[in-house]
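Each reported figure results from applying straightforward, stated rules to the coordinates on display, with no laboratory input. This one's a predicted model, so the numbers in the text were calculated from it and none came from an experiment. A quick note on method: Cβ atoms are made from the backbone with ideal geometry, for glycine too, and the neighbour counts reach across all protein chains shown.
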Amino acid sequence: MAVIVALGAFLMTLAGGWTAQRVTDRRHLVLGLAGGLMLGVVGLDLLPEALEAAGTEVFGVPAALLLFVAGFLLAHLVERLLAHRQASHGAAEHNGRSPEVGLTAAAAMVGHSAMDGVAIGAAFQVGGGMGTAVALAVIAHDFADGFNTYTITSLYGNARRRALAMLFADAAAPVVGAASTVFVHIPEPLLGAYLGFFAGALLYLAAAEILPEAHHEHPARSTVLCTIAGAAFIWLVVGLAE
């Protein structure tokens, strides 16, 4: 049942990626929406789950928040190192961005989607009602995952075929994750630590890259409204899943 439900997440992820590539003439709106979706996923979905799952504190600070900061800093460090390496070798970057950063971020999205599948499988092991609730939440926000995966990969100058490859990998990840729960059980504290770390990296991309690029050439109110709409959509998804 979990694998069958995860197929819905597969289709929803592809729908999000398809939407992202079809509206290239409104790129600033796409990026504004993507930034809002990412902000909503981080603040309203990933961090609350991470804090609840991780539980433990280190020197008075929740471990999930420490890993959140670590993820943010690591994303910044990786981007700077890759940009410096390409500049030192005389390689051209896309608007000052390294394509490897886009692929790394997309790979993190794929890993997150696999964990979504694991969450579906684990919830169904607890009970059908919980499994259904978790599945609906995952399927709904996988549209945002597909949208963001394609947008991030393309934004950093990767070819369309690479963006599509990462999109398909992101779509297949929940199915693989759900299937893995038949054999593997991930401890809840470890899952919480991962979610906190991933949230930090995702917030860096949204705040430092996606949103500034959205307003670079089109500082329009419509872009801001798209960002707000993206965050509000995730709020709606999380609220309906409760």
query = Taking amide hydrogens as modeled 1.01 Å from N in the peptide plane, which residues meet the under 5 Å criterion relative to THR181, leaving out close sequence neighbours?
reply = none
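Could you tally the net charge around ALA114, taking each other residue with its Cβ under 14 Å from the Cβ of ALA114, Lys/Arg +1 and Asp/Glu -1? Don't jump to the answer; show the numbers that get you there.
On the way: positive: none; negative: ASP116, ASP142, ASP145, ASP170.
That works out to -4.
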query = In terms of the Cα gyration tensor, with a ≥ b ≥ c the square roots of its eigenvalues, is segment 183-242 rounded because a/c is under 1.5, prolate because a/b exceeds b/c, or oblate?
reply = oblate
ask   = By the scheme Lys and Arg +1, Asp and Glu -1, what is the net charge of all other residues having a beta-carbon under 12 Å from that of THR149?
value = -2
